[in-house]
Structure formats: C-alpha cells, structure tokens
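Before any comments, here is the structure.
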Amino acid sequence: MNFENRLRMRYLFPVFLLLSLLCSSQRQKSVDFIKADANITPSFSDKMVKGRATYEFDLVSRMDSIFLDAANMTFERVELNGRKIKYSNSNQRIGIKAPRKLGNHQLSLSYTAKPKQTVYFIDVHDEADQSENVASNSFSPPYSHQVWTQGQGKYTSHWLPSIDDMNDKIEFDFTITADKGYTVISNGRLTDKTMDNGSGKWHFDMNHPMSSYLAAFVIGNFDKKVIQSSSGVPIELYYAPGDSLKMEPTYRYTQELFDFLEEEIGIPYPWQNYKQVPVQDFLYAGMENTSCTVFSNQYVIDSIAFVDKNYVNVNAHELAHQWFGNMVTEVSGKHHWLHEGFATYYAYLAEKEVFGEDHFYWKLYQTAKTLHNLSENEGGEALTDPNANSLTFYEKGAWALAMLREEIGEVAFKKGIKAYLEKYAFRNVTIANFLAEMEKVSGLDLTDYREKWLESEEFPWQEVKAHLKKANKPLKLFFEIKNTVTDTTIMDEQKLALLWENEIPEEFKRQFIFIYGNRIPDSNLSEIIANTPLRIRQAVALTVPKVPKELQSDFESMLTDQSYLTQETVLFKLWDAFPKNRAAYLDQLDGVVGLPNKNVRLLWLTLALLSQDYEPERQKSFYDELNGYTASHFNFEVRQLAFQYLHQIRALNDVSLRNLVQACNHHIWQFKKSSRKLIRKINALQDGKNQLLALREKLSEKERKTLKNVLSP
Ligand SMILES: [Zn+2]
C-alpha cells in the first residue's frame, strides 16, 4: 500500500500472540532479567554471528528451569556465576537448571548463530560523491557491505539469546566487532572504540531497559553529522559517504520535529541520545529501535526530490515511537494501538508544525476517506483486534486520538498523556491503563468513546466529516464545491474560476484536477500549466492521457520543472506524442537520475534505446547501464524498475535474467513476488522460454532449483 510518498510496507506486522505464549512460564516473574552485556561479531563472508552474552538476573522465587529464546544456535560454553554448566538446546530455546539460591545471578553464553532472518547481509553500490544529481558513468563495482538487523516481527533471538516476549525489559549494552573502516551503530551511547587484530570493537551503553525487539545494530560505510535538540539531546544523522549533499534535504526539519515532540508530549525524550541510519533494502520505511532508528535509503533524497518524496513523516513517526512503544510498551498485540496509532498521530501533529494546518487536515481527510470506504465495504476492523491490518492500527488509530482530544479537550488530553507516560515509564501497558489516566484527568466516563472508537469495526464517518468541516475552513469549501459538481459537469471557465479564485490550498486543487481533469477544456489546462505552482501543474501532467498538439509547448515547459515525477511523466508523454522531437527531449534530460529509484534515468535509458537513431555510438553503453542496474548491489526498487523496462523492450540478457532468478529469493517479499511473476511471464513467451532453457546451463545448483520452483505449476 502506498499513500502518496508514504510506503505502507514500512511498518511491521503484529504477530505478538505467539510471543506471549512462548515465554509464559517466565511471565509470572519468578525470574527477572535485568541487564545484558553482549559481544557480537557478525561475519559477512559466512553470514554468521558469533557472540558472548552475559545476563544478570534475579531469581525471585524457586523454579526448575530458566529459558532464553535462541533460534538455531550452537553453544560453545554456558556458565552460571562463572562455572560451566549443562544446558538443553531445542533450537528454539536454551534451558538451564535454575540455581537453588534466590537473588542475583550471572549467566554467560558463548554461541554461534547462522540467522535465517533478523540479520541481513547486503551488498551496497557505493555512489561517487555527486556534485549534482547526475548519472555516473561507472555503475559497476566498487561496492561495500552492510549488515543490519530488524527485530520487530523477526525476533532478536535469531542473533542474540534473549527473551522475545515484550514484557521483559532489559538494559542492553552491546560491544560489536566489525572490519576496520566500517562504522558500527547500535542502541545507546558509544563509550569506547578499540582496535583488536585489525578489527574495530565498538562499545555502546544504554541507561534504561527495553524490550528485546528494539535491540539493533548496523554495520556499514557511513559518515555522520551530529546536531542537538534544544534540550541538548545529541542527534546523530548518518549517511553514505557519497551522499553528503543529500544529507540536508533527507534530514530536513529533524531538529524542529524533535523539539516539537518533546514540547507537545510534555516529557523529555527518554533516552540518552538519538541516531538515524539509512540502510539498503530495508524491510519497511523505518524501524524505531530504541535511540537508533533504522530507515530505508529510498528516503535519501536531494532537494529536487523533496517535493515528491521525503523522510519527514517517517522521521517524526519513528521518533514518536521512542515514547510510544519504546518507553511504554504494549503488553500484547491487542494493545498495538498504543504504539502505531500514537506514532502516526504525533507524526501528523509534527508535520502540521512544519507544513501547516491545511496539509495536516488534508492528510487526515484522505485517510478518513479510505477508512470510510473500507468500513462501507465491510472491511472495517476494531482497534483492539490484534490481527487488524496496518491501516487500522495506524490511520484509524490516529483518528481515534484526534477524536479523543476533541472529546476531552486539549488541556486534559495533554495532561493525561503526560501522566500516562510518567506512570508507566519503562514498563508495559494496556489500553485500559491509558484510558484510566485519561478518565482521571478529564473526569469523564470514556466507556462510549471506547466502544465507538476502539471496539467497533465501523468508522464513524459523519462525526469525522463534521469535525473536519469545523476544524478547517478550506476543507469545508472543498466539500461545498464538490457538491456542486455532478458526474457530467464540464469544468468550464465559470466552474474553474470558482475553484481558482478562492483560497483553496494547493492539495485540494490537485485533487480537483485528478478527479475532473479530463473534463477541463485544453485551453484552460494550458492556462493552468502556465499560471499555477509546480504541484498543480504536475497534476495536469499526470492526468492528461495523451498530449494534444495544443498543449505541446506547455508540456515542453514542464520538462525542466524541479520535480523528478514531473520530469519522468512529461518526458514519456512528449516522447510518445511527438516522435520527431524525441532527440531534443532526450538531450534535455540526459544525465538526470531522479528519485532514489532512479525513475528519470531508467526511463530515459529505455526511451534512448527505443529511439534507434539517437546517439548510435552510445547505444551499447545505454544498454549496459540499464542492464547493470539489475545487479544485486543496487537497491531493490532500482532493480525492480530496470527488470520491468528491460522486459518491456524484450532486452533481458543472460546477465539480467540471472539477476532476476536471484531476486526470486530476495528478503523483501514484494520484490520476491514481482520477480517470480516476471519470470513466469517471460516463460509464457516462446522466445522467453527458450532463453530460460538455455540459461539453465549457466546457473548454479541453487539458482536452478529456484527457477524450477518458480516455474513449477
Ligand atoms: Zn510505527
């Protein structure tokens, strides 16, 4: 799912039911794990993790055995209070006999793990530092490595013997070893960095306990810039060395967002420092590991890309989780609203701070419309349903908070949030805990609210609409104009004037063009292109299916608009409509890369290859470049687009086909799925079938197996 520039897949899938079953014996807290010191050495060459974890725990009451989750690990040595002991290993958990003496003990485990998930070893193409967004001539290696982790939904016990249950909060201090030259980033404050046999040992210190799904590390080639919040919290912003010029647009407004959230939430940021790290082929848009957010490098953008795609919302969302989710953590998936609804809502508030009210209400209106449609078609879900989809947890969850604020008033709302966070700091919470605090501060009975907003599957659309109309004047106008336009109305001069001359914000006008664009006469479209800001013109570019002669020069004027989405759209539509001018259009955008998925460059290469008399001496290098982007060290969105274009022009060769076979096992399921689908499509064509047959000889055993598996009915 994709809300404009927000990738939906960023978010985790709540599968916590299972978790609470796993460690139920320890839920009664007969044993309390307090602190972990873990030495971790990941190895890129054999994709293994070697480690030694030392836990301090309190035995509160007598029990037979103590367990830790440990997936597919071998243990070299296990010690209790410094003495070697026996253990059982089920490949899911390691168990030891509990000591007889109550009180404080120390458990040390030396182990090796070969993680099938949770730890990801990635090849990364190193872009040369670009003075501007221009395609580099060398698209082949050098490339470097990244190792990163994703705990939530994937289980930290795949690389660290630990407790997957969110209800056990532990203070984790990590020491991580990596090859010289690489940077290590993990939870907490870097206290020391030492050299050992040519490797770097990085020591991190956390001040407070957290659930194990929030433990994380990243190893890679990074530079950083350190800024500070107004309250003095150090904020480290990481970036690949080649992306120094993208640092500012990528992290734009970070300090504003941070300061705003501290002020709005009413209690200081709970951790000792904050870091953000962009990594390649990340599973979601971002993950709020405690004090160490990891996000997709698809959000690393330049200034031009900012209008079409930016990190601001994800930035604020993951930061809000540092309070909602990390400091106070749900007891189980039934209370997931307390994480995602809150992070989404506070991210919207933070965006309102930098982008203004109209942007805020427009976004809320968009999500309300989606939720309303879903609810009308019997797709509505209760927020207390642990299996609800992300739209429910995130967007309905945000709406539930917006309406709670409306119901009890801003003063009580803020007071309640503060009281709730203070009371449950570094502990686990339920929805009932939260509502009790809100009832206390407001003096209101929230039973009806709970039923309507949290337990009902319906989305209260009428109430929401009334709220929007009351809160935002332009939205009220928008609804009024919408009512005057029927399905058959031609958007003539007079109707357009109504739309253009009042104070409707940009986003609303865009929406009108998306809905009614095909009913606006060309002469008026021409005026719109000439006289409106970039994002409204862009809507025209996206809406017009084929450029008529009358709009040719208007479209040509948009070819150099400062938006990669506009450039991509306009280049294709002009190239398609006016074959005689193809060379001129291509010349204008030669070298432009575009968004992080290289949208402009990949289209440009494809069109250049299709325009056979265009730069004949460069045709081979165009092809090599496009084909080269299918390699595994490019990020998956670039590869996905390159595969599609190459298939469309029937130009996949053995190299790119082999890359496609490899992509069929990619850890990002959407990419894996699209790659598998494309292989089947190719196999359905006679030429493609022959090509795949011939390719089989050149594949490794594993690749052959993959191909067979993909093609088996
Ligand atoms: Zn989230």
- Against the 2.2 N^0.38 Å rule of thumb, the C-alpha Rg of the range 334-471 sits at a ratio of 1.00
- Message: Using Cα-Cα distances under 8 Å and only pairs 6 or more residues apart, what relative contact order does the range 334-471 have, in percent?
- Response: 34
- Query: For the chain, what is the charge dipole size about the Cα centre, in debye to the nearest 20, if Lys and Arg each add +1 at the Cβ and Asp and Glu each add -1 at the Cβ?
  - Reply: 2780
- Task: Averaged over every viewing direction, what's the projected area of the C-alpha convex hull for the range 618-662? Give it in nm², one decimal, please.
- Result: 2.9
- Using 0.36 nm per residue of separation minus the Cα-Cα distance, give me the extension gain between residue 376 and residue 427 in nm, one decimal. 14.6 nm
- Among 191, 367, what is the fewest-to-most ranking by other Cβ atoms within 10 Å? 191, 367
- Degrees, to the nearest 10: 686-696 long Cα axis against longest axis of the chain: 40
- For the range 541-613, just run the numbers: alpha carbon Rg, then divide by 2.2 N^0.38 Å, N being how many residues it has. 1.00
- Using just the alpha carbons, could you tell me how many Å³ per residue the convex hull of the chain encloses? 182
- Message: Quick check: from the Cα gyration tensor, does the range 203-250 come out rounded (a/c under 1.5), prolate or oblate?
- Response: oblate
- Compute the separation of the alpha-carbon centres of the range 34-59 and the range 641-659 and state it in Å as a whole number. 42
- May I ask you to derive the relative contact order of the chain, considering only C-alpha pairs under 8 Å and at least 6 residues apart, and to give it as an integer percent? 10
- Message: If N is the number of residues in the range 339-383, what value comes out of its Cα radius of gyration divided by 2.2 N^0.38 Å?
- Response: 1.31
- Shape of the range 183-295 from its Cα gyration tensor (a ≥ b ≥ c, root eigenvalues): rounded if a/c is under 1.5, otherwise prolate when a/b > b/c, or oblate? oblate
- When you have a sec, figure out the Kirkwood radius of the range 10-321 from all distinct Cα pair distances and drop it here in Å to one decimal? 20.5
- Query: What is the helix-to-structure angle for 337-355, meaning the angle in degrees between its Cα long axis and the longest Cα principal axis of the chain, kept from 0 to 90 and rounded to the nearest 10?
  - Reply: 50
- Task: Compute the separation of the alpha-carbon centres of the range 357-390 and the range 524-596 and state it in Å as a whole number.
- Result: 34
- When 671, 572 are ordered from fewest to most other Cβ atoms inside 10 Å of their Cβ, what list results? 572, 671
- Message: Given the -39500 (n - 2.57) contribution per DSSP H run of 4+ residues, what per-residue ellipticity at 222 nm results for the chain, rounded to the nearest 500 deg cm²/dmol?
- Response: -12500 deg cm²/dmol
- Share of Cα-Cα pairs in the range 275-417 beyond 20 Å, in percent? 52
- Assuming 1.306 mPa s and 10 °C, estimate D for the range 166-224 with Stokes-Einstein, Rh taken as the Kirkwood radius over Cα pairs, in µm²/s. 131
- Quick one: angle between helix 506-516 and the longest Cα principal axis of the chain, in degrees between 0 and 90, rounded to 10, please. 60
- Note on the structure: If R0 = 22 Å, then residue 264 and residue 455, at their Cβ-Cβ distance, give a FRET efficiency to the nearest 0.05 of 0.20
- Task: Report the calculated FRET efficiency for residue 469 and residue 615 (r = Cβ-Cβ distance, R0 = 56 Å), to the nearest 0.05.
- Result: 0.50
- Query: Using unit Cβ charges (K, R positive; D, E negative) and no other charged atoms, how large, in debye to the nearest 20, is the dipole of the range 622-703 about its Cα centre?
  - Reply: 440
- Two decimals is fine: what is log10 I(q)/I(0) at q = 0.12, 0.17, 0.20, 0.25 Å⁻¹ for the range 619-713, from a Debye sum with one equal scatterer on every Cα and no solvent? -0.32, -0.67, -0.95, -1.49
- Note on the structure: The ³J(HN,Hα) series, computed from each phi in the range 612-625 with the Karplus coefficients 6.51, -1.76 and 1.60 at θ = phi - 60°, rounded to the nearest Hz and given as x for glycine or proline, is 4, 8, 8, 6, x, 6, 9, 3, 5, 5, 4, 5, 4, 5
- Query: What is the order of 576, 37, fewest Cβ neighbours within 10 Å to most?
  - Reply: 576, 37
- Item | Modelled FRET efficiency - R0 30 Å, residue 29 with residue 75, Cβ distances, 0.05 increments | 0.75
- Residue by residue, what Karplus-based ³J(HN,Hα) values in Hz, rounded to whole numbers, does the range 436-450 have, using 6.51, -1.76 and 1.60 with θ = phi - 60° and x for Gly and Pro? 4, 5, 5, 5, 4, 6, 8, x, 9, 8, 9, 4, 5, 4, 4
- Note on the structure: Ranking 359, 531, 78 by how far each Cα lies towards the positive end of the charge dipole of the chain (+1 on Lys and Arg Cβ, -1 on Asp and Glu Cβ), the top one is 78
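Since every read-out is calculated from the coordinates, none of them should be taken as a lab result. Being a predicted model, the structure only gives us computed values, none of them experimental. So basically every Cβ, Gly included, is an ideal-geometry build from the backbone, and we count neighbours across all protein chains shown.
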